[in-house]
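These notes are about the structure you will find just below.
Just so it is clear, none of the values below were taken in a lab; they were calculated from the coordinates. Quick caveat: nothing in here was measured; it's all calculated off a predicted structure. For neighbour counting, all protein chains shown are included, and Cβ atoms are generated from backbone atoms with ideal geometry for every residue, glycine included.
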Amino acid sequence: MKNFFTIIFLLLGLSLWAQQEPQYTHFMYNQQLYNPAYVGSRNTPSFTALHRSQWIGFEGAPYSEVLSFQTPIMRERAGLGATVSRYAIGITTSYFSSVAYSYNLKLTPNLSVRLGLQGTLEYFGIRFSDPKVIVVNQDDPSLPDNYSERYAWNVGVGAYLTYKNMFYMGLSAPQLYPNDVGVNSFSDLTAKISPHRYLNLGASIPVSEQLDLMPNLIVKWVDNAPIDFDVNLSVRYLQKLTLGLTVRAGGDNIIESMDGLVFFQITPKFGAGLGYDYTLSKIKEYQSGTVEVMLRYDLRDDKGDLENPRYFKKK
């Protein structure tokens, strides 16, 4: 199993066009990773940390971490943010960092659109010296002896619309142009980072004084890869405890996984979330699901300035 897995991703790193970037069950809490226009929208300086272990029990399976910070500036007319993430799969490791700026256009008292711009730097490395790598042809000139790495600069843009504390919509391209990260210098075929585009939608619908119903959607598409999307339905109790169920679709399965999440606002400043993905694709027989943990800390808890514990500004 480990030899098969390593060979597959070695071939992908050498000759194929890059496909989907990491995906997260807590995508509605992690929007800064997808959209630079989101920075500053929480109306408080805020940290978010996330860890995801995918396909537990499958050797070489993906895992990723994200750490982000955002803050409003200019009396909340603009925002600044920074993100650092790490993604590993098989013998490959990539690091992604970005600095983002957004400006808030107040269209009406209840409707606003934030426009965002970011600069990114990505690192991509392949460990050919890993003892799990089995090279059939020792004289293959396209395989480096030890380690190969690439750096890639890029820019991204986004727009983020909110209406009252009821609805949000984001459209973004975190990286606008493809970057060559391949290591095969003996062929025109090489790995590339393709521009990814994202559409985010969400709403908060009061059911009673205690309950809110919150549907969320993220659509992910990239050239030469299937369109993926996550549909989530969450229920929040007393603006503290949130329970959600997500259906993820795309690839060669109509439904790739069923995902559950829980988020608890422990204090006005600190919240924590836990997610579990039950895989339904062909790999389900070789792993035990996916676990995701998220922490968020706000530097101030003034309820007049803070949005609610999800993503909307409180009125």
From fewest to most C-beta neighbours within 10 Å, the residues ARG296, ARG77 line up as ARG77, ARG296
Expected unfolding gain across ASP180-ASN110 under the 0.36 nm per residue rule, minus the alpha-carbon gap, is 20.9 nm
Order of VAL39, VAL293 - criterion: other Cβ atoms within 10 Å of each residue's Cβ, fewest first:
VAL293, VAL39
Could you work out how far the C-alpha centroid of segment 24-48 sits from that of segment 204-264, in angstrom?
16
Residues in segment 272-302 that a label on VAL235 would reach, taking backbone N under 19 Å of a point 7 Å out along Cα→Cβ
274-276
Report ³J(HN,Hα) in whole Hz for each residue of segment 57-66, in order, from the Karplus equation J = 6.51 cos²θ - 1.76 cosθ + 1.60 where θ = phi - 60°; Gly and Pro get x.
x, 9, 4, x, 5, x, 8, 8, 9, 9
